[in-house]
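The values are calculated or read from the model by the stated rules, or taken from the named source; none is laboratory data. All values reported here derive from a predicted model rather than from experimental measurement. In this analysis, Cβ positions are derived from the backbone assuming ideal geometry, glycine residues included, and neighbour counts consider all displayed protein chains.
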Amino acid sequence: MTHGSRLTALDHSFLQLETRTTHMHVGACAVFDGTPPAYEDLVAAIENRLHLVPRYRQRLAAVPLHQGRPVWVEDPHFRLPFHVRHTALPQPGSDDQLRRLAGRIFSQALDRGRPLWEMWLVEGVHGDRFALLSKTHHALIDGISGLDIASVLFDTEPAPPPIGPGPRWAPRPLPSAAQLMADALTERVTRPLDVLGTVGALTRGPAGVLGRASGALAGLGALTSAGLEAAPRTPFNVPIGPHRRFTWVEASLEGFRHVKRVHGTTINDVILSVVAGGLGRHLRRHGFPTDGLVLKALVPVSIRDPDERGVLGNRLAAMWAPLPVGVSDPVGRLQVIAEAMHGIKRSGQAVGARTLSQLAGFASPTLVAQAARLQARQRLFNLVVTNVPGPQQPLYLLGRPMRAIYPLVPLAANTALGIAALSYHGRVHFGLNADYDALADLDSLADDLAAEIAAVIASVSPASAAIS
């Protein structure tokens, strides 16, 4: 009998990447219309649904002497009010005040001794609104699996059938150090059998084995070649501190779809193009030369199979996307990115990333930790850009409609900026996370991004700029 669910190699790497200045939590600032719910009502609503996400009552237990990756165990000291906080903005409760509060809350690392999530109910947002700030460690959720607090807390109708309390929760006893060590050593002995089982499964279909193997090797080669090329030096790649600034930009999803249809690209191409354009505007305004400059973005992609939806743990890999910030023409830049992304997909980087993530599962915890730290010291990319498709129907929290949700992507070492995009109910919401000192003018960068969105949409037809 094993005692707890062991972290995957990828989830463990997110723990290893975390330092005093690099916090590995994802998050969001969700804004709702209407009077905020009473704090006690929100806590009760979460309590009634917490059994649907049992990982949110679990914390990490380390294996002695680092002989195995940590395991998730039930926290006997779990207290929901510790994780659900309550605050309010001073008057007038402006968006700037909400952004500053979000930056401060997102600057605080999660407590490793407790379940790795936190939520803040924020009252006093102007215009009869309130907000919900959420933080979840990347080792717990990848933003794609759909199994998190938000997925069970939000409703798809304003007055859903009432949900009664879940089954009474009684935490299992914590495993001892000896039990954790025994589980890790047993797994180490049986792991070669897992490898043989995987090989056996492949050989049961001999006709496709050669093709799958050659595809995986080609993908690994493409991924390695793209990853080893150093990213150019930019003002975005400097040592960072623990403090953050957070802001957002939003646009019409239909405007992006219109551009996609006219130019025969993808929504992701359009998002990468507006990000590249906004960064180019920002760099040129600061006197940084951009002629011929192509930044390198790390773009996480989901490798989760359809039948894995709801399975705990990360199913993510990385692709390296070029951002030609020196191309000021929005149509020309979009075409360059679309062609490059098409080539990247044909190169098999995603296949290589999947293969690499599977191989990492057989690496020792020490080796994975060293690899994570080595990657943090290198300038392999200039920034992270994520794009997550969200629900296109309105969501509700205790009957209050959610009007917007601005996502947060964490910063890596020597990377002062991260940009996340999430589509929801006909809008594309960009969340910009930045080091507090390195990007003191983050609001100006947000204006650059907004201007580029308008330019890209107007490139289809001048009248289209109105739907940005």
For ALA438, are the conditions met, namely being modelled with pLDDT under 95 and within 23 Å of HIS282 (Cβ to Cβ)?
no
How many residues are touching an Asp or Glu at 6+ places or on another chain (Cβ under 8 Å) and surrounded by fewer than 21 Cβ atoms within 10 Å (Cβ to Cβ) if we restrict to region 25-52?
3
Output the residues belonging to region 382-401 that are in contact with a Phe, Trp or Tyr (Cβ under 7 Å, 6 or more places away or on another chain), assigned to a strand (DSSP E or B) and buried (at least 20 other Cβ atoms within 10 Å of the Cβ).
LEU383, LEU397
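Among the residues of region 105-126, write down those that are loosely packed, with under 15 Cβ neighbours inside 10 Å, touching a residue at least 12 places away in the same chain (Cβ under 8 Å) and either farther than 23 Å from ASP41 by Cα or touching a strand residue (DSSP E or B) at 6+ places or on another chain (Cβ under 8 Å) (or both). So that I can check it myself, show each step before the final result.
Going residue by residue through region 105-126, those that are loosely packed, with under 15 Cβ neighbours inside 10 Å are 108, 111-113, 126.
Filter once more, keeping what is touching a residue at least 12 places away in the same chain (Cβ under 8 Å): 108, 112-113, 126.
Those that are loosely packed, with under 15 Cβ neighbours inside 10 Å, touching a residue at least 12 places away in the same chain (Cβ under 8 Å) and either farther than 23 Å from ASP41 by Cα or touching a strand residue (DSSP E or B) at 6+ places or on another chain (Cβ under 8 Å) (or both): GLN108, ARG112, GLY113.
Might you check whether a residue that is modelled with pLDDT of 90 or more, surrounded by fewer than 17 Cβ atoms within 10 Å (Cβ to Cβ) and not assigned by TED's automatic domain parsing to the domain that holds ARG69 occurs anywhere in region 410-432?
Our first condition is that a residue be modelled with pLDDT of 90 or more; within region 410-432, this holds for 410-432.
Narrowing the set further to residues that are surrounded by fewer than 17 Cβ atoms within 10 Å (Cβ to Cβ) leaves 426.
Add one more test, that the residue is not assigned by TED's automatic domain parsing to the domain that holds ARG69, and what stays is 426.
Scanning region 410-432, I find at least one residue that is modelled with pLDDT of 90 or more, surrounded by fewer than 17 Cβ atoms within 10 Å (Cβ to Cβ) and not assigned by TED's automatic domain parsing to the domain that holds ARG69, so the answer is yes.
For region 433-453, what are the residues that are assigned to a helix (DSSP H, G or I) and either surrounded by 24 or more Cβ atoms within 10 Å (Cβ to Cβ) or touching a residue at least 24 places away in the same chain (Cβ under 8 Å) (or both)? Even if it seems obvious, please write down each step before you answer.
Just the residues of region 433-453 that are assigned to a helix (DSSP H, G or I), to begin with: 442-453.
Once the filter is applied, which keeps residues that are assigned to a helix (DSSP H, G or I) and either surrounded by 24 or more Cβ atoms within 10 Å (Cβ to Cβ) or touching a residue at least 24 places away in the same chain (Cβ under 8 Å) (or both), region 433-453 yields LEU442, ASP443, SER444, LEU445, ALA446, ASP448, LEU449, ALA450, ALA451, GLU452, ILE453.
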Which fully enclosed strands (runs of 3 or more DSSP E) of region 33-147 have 2 or more residues being out of contact with any helix residue (DSSP H, G or I) (no Cβ under 8 Å at 6 or more places or on another chain)?
58-61, 84-88, 117-125, 129-137
Quick check on my filter: what residues within region 96-113 are over 21 Å from the mean Cα position of the chain (by Cα) and over 21 Å from ASP435 (Cβ atoms)?
GLY113
May I ask you to list pairs of residues, at least six apart or on different chains, whose Cβ atoms are under 7 Å apart, with the first in region 269-280 being of a type in the set (Asp, Glu) and the second being surrounded by fewer than 24 Cβ atoms within 10 Å (Cβ to Cβ) and assigned to a helix (DSSP H, G or I)?
ASP269/ALA338; ASP269/MET341
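Say whether the condition of being closer than 30 Å to TYR436 by Cα, surrounded by fewer than 19 Cβ atoms within 10 Å (Cβ to Cβ) and not assigned by TED's automatic domain parsing to the domain that holds TYR406 is met by at least one residue in region 64-76. Let's see the steps before the verdict.
To start, the set of residues in region 64-76 that are closer than 30 Å to TYR436 by Cα comprises none.
No, there is no match, as no residue in region 64-76 is closer than 30 Å to TYR436 by Cα, surrounded by fewer than 19 Cβ atoms within 10 Å (Cβ to Cβ) and not assigned by TED's automatic domain parsing to the domain that holds TYR406.
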